[in-house]
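Novice: Supplied in structure tokens, the structure appears directly below.
The values are calculated or read from the model by the stated rules, or taken from the named source; none is laboratory data. Because the structure is a prediction, the values reported are computed rather than measured. Here the Cβ positions follow ideal geometry from the backbone for every residue, glycine too, while neighbour counts run over all protein chains shown.
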Amino acid sequence: MQRSLIVYNNFRKLLKRKYYEFGDLLYQSNNGLNNNYKVSCEELDFLVATMKENSNILGARMMGSGFGAYTTNPILENEYKTFKKKFLESSINLQEYSHECFNILTNEWILVSPHMSKRHWQG
């Protein structure tokens, strides 16, 4: 029921063109996932914190799971190209992050190569 209410509130904000309020709901939802369910990681936390520093980013929330985890970041349309250029020119290199994941088949934590993202065709 709580999830349905969250989706409904987000939808209402978008219909009313209250984009900044919608973005704030995304940040709140991300905090809930992070603090209540502990489903985040250092890289996702870093991305959300980086997005929060930019006033042109309306909000940020982690999405997906496992190797497909990412953040969604609504941005003002006229600011997209400028933000993308600045972000890509920054010293942030997410492909150099290694991380661990839990293998449920072997019941152990394994180190995932930071170069895995460079070989997307090999999964």
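Novice: Could you tell me which of the residues 15, 33 is loosely packed, with under 15 Cβ neighbours inside 10 Å, free of Cβ contacts under 8 Å to residues at least 40 places away in the same chain and out of contact with any Phe, Trp or Tyr (no Cβ under 9 Å at 6 or more places or on another chain)?
Specialist: Of the residues listed, the single one that is loosely packed, with under 15 Cβ neighbours inside 10 Å, free of Cβ contacts under 8 Å to residues at least 40 places away in the same chain and out of contact with any Phe, Trp or Tyr (no Cβ under 9 Å at 6 or more places or on another chain) is 15.
Novice: Please list, ordered by first then second residue, the pairs with beta carbon atoms under 9 Å, 6 or more apart or interchain, first in the stretch 53-72 and within 18 Å of residue 37 (Cα to Cα) and at pLDDT below 75, second assigned to a loop (DSSP other than H, G, I, E, B) and β-branched (Val, Ile, Thr).
Specialist: Going by the 9 Å Cβ cut-off, the qualifying pairs are 65/39; 69/39.
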